Amino acid sequence: MFSPRWRKMLRDVWLHKSRSLLVVLAVATGMIGSGALLDAWALVQRVTDETYRGSHPVSATLRVDAIDAALLTQIRALPTVAAARVRRALSATALVNGTELNVELFALQDFGARDIARLESERGVWPPRDGEISIEKSSLEFSGTRLGGSIDLHFDKQPPQTLPISGIAHDVSLPPGWMDHVVYGFVTPATLAMLGAPASLNEIQIVVRDTTADRDTVRQIAYAIKALIERGGKHVVNIDVPVPGQHAHAAQMNSLMLTQGAFGLLTLLVCSFLVVNLIAAMLAGQTREIGVMKSLGASAQQIATMYLGFALLLGLFASAIALPIALAIARPYAALKADMLNFSVAGFAVPWWAIALQLGVGCLLPVLAAAIPVMRACRLPVSAALRDAGICGDAGSAFVRRRISIPGISRPLLLSLGNAFRRRQRMLLTLLALAAGGAVFLGADDLRHSVREAVDELFSSERYDIVLRLRDACPAARSEVAAAVVPGVERVQAIASTKASIEHADGMLGNAFRLVALPPASPMFVDRVQQGRWLSAADRNALVVSRALLKDEPTLVPGAQVRLMIDGTATEWHIVGVQPDIQALAYVSLATFNDLHASAQGAALLVTTQERGSSAQLDVVARLRSELEHAGMPVANSWIVSESRRAVEDHLLMVVQFLGVMGWVMIVIGGMGLASTMSLAVLERTREIGVLRAIGARHRAIMAMVLIEGLVIGVLGWAVSIPLSIPMSALLADGFGRVMFSVPTHYLPSAAAASTWLLLVVAVALIACAWPALRATRVPAARALSYE
């Protein structure tokens with residue numbers, strides 16, 4: 001049924017079944033990790049293309065003081081505009097189960113539009129009727145609301161109104177409500193009027209016809225629409241142009257997935273080391289067989305095809321194991337990633353090309369890894385192949401063993417130490433596999449510490465415990481006095497904020513950002529300027545910009561002069577410094593801000609408490625809200641800084657946790673590689689073990705020799721991983737800084753992490769060597785001495 005050479009290949013599979021199984025499991029493990037990442041990324045990309053881009057996301061939003069039907073008709077008739085709609089977005093406060101939550105309400109003229117920011121009904125009534133509200137589904141769980149329930153909303157100083165929740169909607173253009181701690185709701189203009197809020201629609205949103213247009217092109221189209229609107233006697237208050245076709249969190253998600261994919265490829269590279277070891281050992285034991293086949297007329301190509309076919313068979317087995325498991329892992333992982341983008345993977349399948357790519361890699365990886373040792377063996381002359389000593393050859397280890405001489409160490413132990421270096425190429429590949437896993441393990445630990453330090457630094461400038469945002473700006477001194485008398489309050493500072501936009505040289509405005517006004521020498525805020533300097537009391541119209549704003553507007557470097565549009569008025573400002581904040585904002589002196597507004601108004605309060613615990617600070621928040629409400633300064637929302645810090649840290653550490661998992665996967669693969677190496681080492685020294693047993697060596701001594709040899713390789717892998725973790729830590733810190741924000745780089749692992757990794761690698765070595773050591777004691781001496 002099969003030709004002789006293929007029967008030989010099947011026999012080789014059976015003869016090397018334990019080591020072949022280890023290789024298959026190792027390759028399958030690597031493919032599961034990398035394949036799950038590829039499947040998840042491909043599925044998220046597919047959902048993004050078909051859900052987000054398919055919803056026709058808004059290209060630009062123009063806030064206008066008044067809108068009528070004729071204006072909307074004019075805009076829709078423009079050749080550059082594919083679709084347009086009008087809406088109003090405003091903030092309110094909700095009381096749910098005794099907890100106040102921030103609410104973003106959206107009132108639209110047409111909820112059923114399919115050609116611009118399409119909204120989908122999940123369940124219940126759609127569109128919402130007058131006096132009812134539909135909740136965006138990502139806000140449901142964290143807010144505690146439910147379909148058929150109700151929510152108490154109040155706007156400004158109006159009394160709260162109870163609205164029944166009649167529907168659940170899905171808006172893929174919004175970031176998840178649970179992530180931003182915002183309840184998104186959809187209502188009619190009549191419902192806004194019931195709440196006492198303005199019912200007129202004041203935003204025009206457009207989708208440009210050119211789907212390939214970049215941000216600058218869209219901004220030019222938006223400003224042409226602005227000119228059209230203002231020619232009609234109306235005024236455009238603000239223009240916002242997001243990155244075309246890109247979700248708010250898409251850039252971070254793509255960068256994260258690409259970083260994870262890189263470690264998936266590294267895992268596959270480690271798997272290839274095992275294949276090289278297995279094929280090289282097999283060829284070393286069959287060199288004379290290759291010589292016989294060549295003497296009988298077999299060509300090098302035929303022999304190479306046979307051994308590469310063996311490697312392909314290993315890849316097929318590994319793929320058969322890995323593909324379904326990777327798919328099973330990828331779907332919930334993709335669901336998690338999609339949920340962070342407010343998407344759903346329900347009803348979507350992993351693209352076929354992702355599965356085909358994994359199958360191709362799974363089959364080709366062992367073939368490519370085996371190619372070099374196979375080609376080398378096939379090129380060996382027939383005479384040299386027939387004279388080969390076989391798998392038991394010494395491979396030059398005597399040179400090493402002659403020079404290992406440690407006083408007080410027995411000869412069997414010295415023999416174990418020398419045996420570790422007998423097959424140097426195999427030992428090197430095994431070391432690299434273990435060291436790579438250890439480097440990722442140590443690098444992930446370094447990154448974990450770096451993230452915590454970065455978060456500490458991020459919040460180190462905030463010398464306050466509670467933030468309260470007032471519904472209306474009020475005299476700063478009045479709000480400070482009212483809050484200072486509350487029991488548990490140590491210090492209070494009023495700050496102000498507003499929206500500003502940069503006016504570019506061509507007259508176009510950039511996206512709006514927050515302008516925060518505070519006293520330059522406030523004890524509640526410590527500057528962390530990275531470039532330039534902080535604000536001073538003598539400054540007038542000076543700005544310190546955040547790093548995030550500088551990234552969006554690269555011209556805002558220290559020393560630059562800029563023109564800002566604030567509340568419809570253009571003023572000149574100069575940049576004096578850059579602060580390492582992760583939000584797009586700028587700081588200004590409170591005195592300068594009050595000069596612009598002709599009054600000392602505060603929009604928020606920073607409060608330092610006498611209590612440190614979160615529960616005690618919650619009590620202080622309740623007392624502050626009550627006192628300020630009584631004083632006629634109701635609070636719109638509040639938060640505890642320590643809780644915000646914990647939420648930010650937990651979100652960032654999700655990335656680090658994944659890297660830790662990849663480190664564990666690579667350590668497992670390295671352990672499999674060590675088990676394969678030790679299995680081959682025992683096989684090579686079968687006659688040597690027979691001699692030892694013939695001269696009286698006990699089982700315990702032989703097992704100890706094998707275990708010590710494995711421990712030597714494991715400890716060497718630990719030692720190599722320490723310097724290897726230095727560039728790994730630097731790369732991880734740099735990559736994390738590109739995806740999220742800059743973190744300090746730790747070039748040396750902590751003593752605790754290095755000790756943990758040492759204990760771990762010793763455990764892995766003992767486990768990996770246990771079976772080969774046991775096998776070494778079960779071979780009868782007579783059979784071992786006759787082994788060839």
Region 505-585: trypsin sites (Lys or Arg not before Pro) in DSSP loop, at most 12 other beta carbons within 10 Å
ARG540
For TYR184, residues with placed amide H under 5 Å, excluding near neighbours:
GLU104, GLU136, SER139
For region 465-640, what relative contact order do you get, as a whole percent, if you take Cα pairs closer than 8 Å and at least 6 residues apart?
38 percent
Working only with C-alpha atoms, what are the Rg and Dmax values of region 60-240, expressed in angstrom?
17.0, 51
Relative contact order computed over the chain (Cα-Cα under 8 Å; 6+ residues apart), in percent:
16 percent
Let me know the Kirkwood hydrodynamic radius for region 51-105, please, with Cα pairs as the basis and the value in Å to one decimal.
14.3 Å
Roughly how many debye, to the nearest 20, is the charge dipole of region 424-481 about its Cα centre, given +1 on each Lys and Arg Cβ, -1 on each Asp and Glu Cβ, and no other charges?
340 debye
Could you work out the relative contact order of region 60-240? I mean the mean sequence separation of Cα pairs under 8 Å and 6+ apart, divided by the number of residues, in percent.
35 percent
Which entry is the computed Cα extents along the principal axes in Å for this structure: [x] 119, 62, 55; [y] 101, 60, 52; [z] 93, 62, 49?
[y]
Pick out, from PHE310, VAL621, THR51, the residue whose Cα sits farthest towards the positive end of the charge dipole of the chain, with +1 on the Cβ of Lys and Arg and -1 on the Cβ of Asp and Glu.
PHE310
The chain, dipole about Cα centre (Lys/Arg Cβ +1, Asp/Glu Cβ -1), debye to the nearest 20
4920 debye
DSSP beta bridges in the chain: the antiparallel percent, rounded to 5, is 80 percent
Scalar couplings 3J(HN,Hα) for region 143-152 by Karplus 6.51 cos²θ - 1.76 cosθ + 1.60 (θ = phi - 60°), nearest whole Hz, x for Gly and Pro, are 7, x, 8, 8, 5, x, x, 8, 9, 8
I'd like the distance separating the alpha-carbon centroids of region 569-586 and region 262-316, in whole Å.
62 Å
Per the helix-only calculation at 222 nm, which mean residue ellipticity applies to the chain, given -39500 (n - 2.57) for every DSSP H run of n ≥ 4 and division by its residues, nearest 500 deg cm²/dmol?
-18000 deg cm²/dmol
Using alpha-carbon coordinates, inclination of helix 424-460 to the longest axis of the chain, degrees:
20 degrees
Per the charge dipole of the chain (beta-carbon charges, Lys/Arg positive, Asp/Glu negative, Cα centre), the residue among SER461, ALA328, LEU268 reaching farthest to the positive end is LEU268
Compute for region 465-640: radius of gyration divided by Kirkwood radius, i.e. Rg/Rh, restricted to C-alpha atoms, rounded to two decimals.
1.00
Compute the separation of the alpha-carbon centres of region 692-763 and region 493-564 and state it in Å as a whole number.
48 Å
Signed unit charges on C-beta, dipole axis of the chain, positive-most listed residue ALA768, PRO749, GLY438
ALA768
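Bear in mind these aren't lab numbers, they're just calculated from the coordinates by the rules spelled out. All values reported here derive from a predicted model rather than from experimental measurement. Reconstructed Cβ throughout: ideal geometry from the backbone, glycine too, with neighbour counts over all protein chains shown.
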